[in-house]
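Derivation of every value follows stated rules applied to the coordinates shown; laboratory data play no part. The structure presented is a predicted model; accordingly, all values stated were derived computationally and were not measured. Every residue, glycine among them, receives a Cβ derived from its backbone with ideal geometry; neighbour counts consider all protein chains shown.
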Amino acid sequence: MTLGSDDRCFVHTIGGPITSGTYTDLGRITIPGRSADNVVYFVLNRTINSNFENPFVNEIPAYFSFSPRLTIESDALNDPAAVDENGNPLNGVLTVSAFGAHIFNRSLGAGAFEASFDHSSAAASTGFARTYFAALGLPPHVINQLYRRPMTIKLGMRVAVRGVSFGQYLYSMRFTGN
């Protein structure tokens, strides 16, 4: 994998193994402390444009996956009671997968070319609600502090491709709260 000059691109060789990348801090927003009481809700807009190509005489596998990621940074997550599912301290940072993932997996025949375009918007059913954080195992006093202190949310993504001659992945989020 070769990163582009902006560290958000990579080169993939058709016919080679799966090429993947994880990108963090593509965009960020800081929610001021005490500006939301119960939920930080988000709407995801995504656009995926890709070309699958097989210039060979044999069938090859084609694979594409795109998974948005969100990282929450907050002093509240430095509390010793803020731990992950394995009991490890969060150290001020919690990273979760966001909805909007896309997976394409199939075989491409000899000489095949397929273009794909998809654009969609989706609203989180729960968002970053108190019940969401409780389901992750965070205790009530940590959850209370999440809403009382600034919370920075960073956008990221995981991408993996095989048999892709061109791929463009765009997403944005709109945040609201109560």
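Label-to-label distance for Phe99 and Thr131 is 1.3 nm, based on points extended 7 Å past Cα in the beta-carbon direction.
The ellipsoid equivalent to the alpha-carbon distribution of the range 49-126 has semi-axes of 40, 16, 9 angstrom, derived from the gyration tensor eigenvalues as √(5λ) and listed largest first.
If you look at the Cα atoms of the range 98-178, you get an Rg and a Dmax of 18.7, 59 Å. Put in line by how crowded their Cβ is, counting other Cβ atoms within 10 Å and starting with the fewest, His119, His12 read His119, His12.
Counted by neighbouring Cβ atoms within 10 Å, the residues Leu136, Leu70 run from fewest to most as Leu136, Leu70. The slack in the chain from Asn78 to Asn49, taken as 0.36 nm per residue of separation less the alpha-carbon distance, amounts to 6.5 nm. Its DSSP H runs of at least 4 residues, each contributing -39,500 (n - 2.57), put the calculated 222 nm mean residue ellipticity of the chain at -2000 deg cm²/dmol, to the nearest 500. For the range 1-131, the convex hull spanned by the alpha carbon atoms encloses 157 Å³ per residue.
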